[in-house]
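Student: First, the structure itself, so that you have it in front of you.
The values are calculated or read from the model by the stated rules, or taken from the named source; none is laboratory data. Note that the coordinates shown come from a computational prediction; the quantities given were computed from them, not determined experimentally. We place every Cβ from the backbone using ideal geometry, glycine too, and count neighbours over all the protein chains shown. The protein model used for the area step is the full one, side chains on, heavy atoms only, and it has no ligands, DNA or RNA in it. Shrake-Rupley method; radii C 1.70, N 1.55, O 1.52, S 1.80 Å.
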Amino acid sequence: MKLFAPERVFFDPEALKYSLGQRLYKKFIGTDADVLQLSPQNAARNIPGITENEKYAQSKKTLYITVKKSTRLDVCKPSADYEFSLVSNCPGNCEYCYLQTTQGSKPYLKVFANLEDIFGTIRHYMDSKPGEVTTFEVASLGDPLGLEHLTGSLAETVNFFGGLENARLRVVTKYDNVDTLLNVRHNGHTRFRFSINARYVIQNFEHNTASLDERLTAASKIASAGYPMGFVVAPIMIFEGWKEQYADLFTGLKKCLSHIGNSEPVTFELIQHRFTAVAKSHILQRFPNTKLDMDEEGRTLKWGRFGRYKYVYPRETAKEMNDFIQKLILENIPNAQIEYFT
Ligand code: SF4
């Protein structure tokens, strides 16, 4: 797919103290992108847009190169022990993205330039559990592969984890530009997962991300490069013909993985579609013609860890969905390891 090119790139002066910040500054200065140095307080103010829709669209074309100040990592259950970030947000426009609610009215993209500090934090958390293997999720706050052609920071991170005996990295992506990661010294310490879904979901709701075929091609390359592999099937939705489409998804996946052996488990994480009242309001303003099913009548309320009620499928529907998808996975992928359904 076409790689992202920002229309404006803002630099936090703090980021210019780090080699990644300097490298990105040299890359963008003199290009068509508007380049400015701005403090974190002023970044959002310099993004144009009056309506919610315009502010969203312009923010998604804006890159802010800054630093990650906090050295505290959040717990990231059920996917890993902790989460950390190299970037926040991504160039995609997934209508259901949970960042719709967590990143305010101007969800611009951020790159954290202080990799040295971030790696120091990871070492600290790893060392606090001597003798144990600690897992770290890098894609909770955004999709680092969507910006990897600009930053190279995911490759550096994979290489860093490759040298750590007691830490494992977990990546998940909806992008396909994996070529720069194929020869990195990963040592089997990075589990590379692709977010996959029925064609209906990808085509209608995951704008500006790689197509299903592109993701499967990338997954095949990553498998050939010896990375531990996984797939996040999310968000699973019920729509007309959903069973046929999910069945097609897993027969396609079986073909894509046919060239790799069955020795290593391929992990699967299953996440049903959910939304909050706040997310629904943002989505309807940003995507007024959305086909996303957000009818509260067809859902049930569940208390979420971010302190908000979310609407999920009723228990019986969720069970049918879980049973059906698990059966498809086990029929098609002999070495599948299903980690959770939520
Ligand atoms: S790719 Fe991921 S982070 Fe980016 S918009 Fe889609 S769901 Fe959100």
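Student: Step by step: first the residues of the range 153-166, then only those that are over 16 Å from the mean Cα position of the chain (by Cα) and either closer than 23 Å to Pro6 by Cα or surrounded by 18 or more Cβ atoms within 10 Å (Cβ to Cβ) (or both), then the one that is farthest from the ligand (Cβ to nearest atom). Which residue is that?
Tutor: So the residue we want is Leu164.
Student: With (1) touching a residue at least 40 places away in the same chain (Cβ under 8 Å); (2) away from the ligand (no atom under 11 Å from the Cβ); (3) buried (at least 23 other Cβ atoms within 10 Å of the Cβ) as the list, and Leu169 as the residue in question, which single condition is left unmet?
Tutor: Every condition holds for Leu169 apart from (1).
Student: Taking the options Tyr200, Tyr175, name whichever one is within 24 Å of Asn93 (Cβ to Cβ) and more than 16 Å from the chain's Cα centre (by Cα).
Tutor: Tyr200
Student: Within the range 236-270, can you find the residues that are aliphatic (A, V, I, L, M) and modelled with pLDDT of 95 or more?
Tutor: Here is the first cut: in the range 236-270, the residues aliphatic (A, V, I, L, M) are 236-238, 247, 249, 253, 257, 260, 266, 270.
Once the filter is applied, which keeps residues that are aliphatic (A, V, I, L, M) and modelled with pLDDT of 95 or more, the range 236-270 yields Ile236, Met237, Ile238, Ala247, Leu249, Leu253, Val266, Leu270.
Student: Something else about it: Taking the condition in contact with a His (Cβ under 8 Å, 6 or more places away or on another chain) and open to solvent by less than 20 Å² (accessible area, probe 1.4 Å), does Ile236 pass?
Tutor: yes
Student: I'd like to verify a number: residues in the range 70-101 that are more than 18 Å from Phe4 (Cα to Cα), within 16 Å of the ligand (Cβ to nearest atom), small (Gly, Ala, Ser) and in contact with an Asp or Glu (Cβ under 8 Å, 6 or more places away or on another chain), how many?
Tutor: Result for the range 70-101: 1.
Student: Here is a further query. Test Ile271 against the stated conditions and say whether it is within 21 Å of the chain's Cα centre (by Cα) and either surrounded by 18 or more Cβ atoms within 10 Å (Cβ to Cβ) or among the aromatic types (Phe, Trp, Tyr) (or both).
Tutor: no
Student: Inside the range 180-219, can you point out the residues that are within 13 Å of the ligand (Cβ to nearest atom), under 21 Å from Ser153 (Cβ atoms) and either among the hydroxyl-bearing types (Ser, Thr, Tyr) or open to solvent by 30 Å² or more (accessible area, probe 1.4 Å) (or both)?
Tutor: Ser195, Asn208, Thr209 - these are the residues of the range 180-219 that are within 13 Å of the ligand (Cβ to nearest atom), under 21 Å from Ser153 (Cβ atoms) and either among the hydroxyl-bearing types (Ser, Thr, Tyr) or open to solvent by 30 Å² or more (accessible area, probe 1.4 Å) (or both).
Student: Further, regarding this structure: Could you tell me which residue of the range 1-28 is most open to solvent (accessible area, probe 1.4 Å), considering only residues that are over 27 Å from Ala210 (Cα atoms) and either among the charged types (D, E, K, R) or modelled with pLDDT under 95 (or both)?
Tutor: In this case the residue turns out to be Lys26.
Student: A further question follows. Criterion first (surrounded by 18 or more Cβ atoms within 10 Å (Cβ to Cβ), at pLDDT 95 or above, within 24 Å of Tyr98 (Cα to Cα) and more than 16 Å from the ligand (Cβ to nearest atom)) does Leu145 satisfy it?
Tutor: no
Student: One residue is enough: does the range 105-114 have a residue meeting the conditions without any contact (Cβ under 8 Å) to a residue 40 or more places away in the chain and either closer than 20 Å to Arg274 by Cα or open to solvent by 10 Å² or more (accessible area, probe 1.4 Å) (or both)?
Tutor: Checked against the condition, which is being without any contact (Cβ under 8 Å) to a residue 40 or more places away in the chain and either closer than 20 Å to Arg274 by Cα or open to solvent by 10 Å² or more (accessible area, probe 1.4 Å) (or both), the range 105-114 yields no hits at all.
Student: Return a yes/no flag: does the range 184-193 have any residue that is of a type in the set (A, V, I, L, M, F, W, C) and over 19 Å from Leu147 (Cβ atoms).
Tutor: Within the range 184-193 (the criterion being of a type in the set (A, V, I, L, M, F, W, C) and over 19 Å from Leu147 (Cβ atoms)), the answer is no, since none of the residues qualifies.
Student: Can you name the residue in the range 221-277 that is hydrophobic (A, V, I, L, M, F, W, C) and in a loop (DSSP other than H, G, I, E, B) and is also nearest to Leu169 (Cα to Cα) among such residues?
Tutor: Selected residue: Ala225.
Student: If you don't mind, there's one more thing I want to ask. Looking at (1) in a loop (DSSP other than H, G, I, E, B); (2) within 30 Å of Phe275 (Cα to Cα); (3) among the basic types (Lys, Arg), which is the one condition that is false for Arg185?
Tutor: (2)
Student: Would you mind telling me which numbered condition in (1) among the charged types (D, E, K, R); (2) within 13 Å of the ligand (Cβ to nearest atom); (3) assigned to a loop (DSSP other than H, G, I, E, B) Lys110 fails?
Tutor: Here Lys110 clears every test but (3).
Student: Go through the range 320-333 and give me each residue that's open to solvent by 80 Å² or more (accessible area, probe 1.4 Å) and either more than 18 Å from Gly241 (Cα to Cα) or not basic (Lys, Arg) (or both).
Tutor: Glu320, Leu330, Glu331
Student: Looking only at the range 125-142, count how many residues are closer than 13 Å to Phe84 by Cα and either open to solvent by 40 Å² or more (accessible area, probe 1.4 Å) or part of a loop (DSSP other than H, G, I, E, B) (or both).
Tutor: 4
Student: Do the conditions hold for Thr51, that is, is it among the polar types (S, T, N, Q) and either open to solvent by 20 Å² or more (accessible area, probe 1.4 Å) or closer than 30 Å to Phe268 by Cβ (or both)? Lay out the reasoning, then the answer.
Tutor: On the way: among the polar types (S, T, N, Q): yes; either open to solvent by 20 Å² or more (accessible area, probe 1.4 Å) or closer than 30 Å to Phe268 by Cβ (or both): yes.
In short, yes.
Student: If you scan the range 20-42, which residues turn out to be without any contact (Cβ under 8 Å) to a residue 24 or more places away in the chain and among the small types (Gly, Ala, Ser)?
Tutor: Within the range 20-42, just Gly30 meets the criteria.
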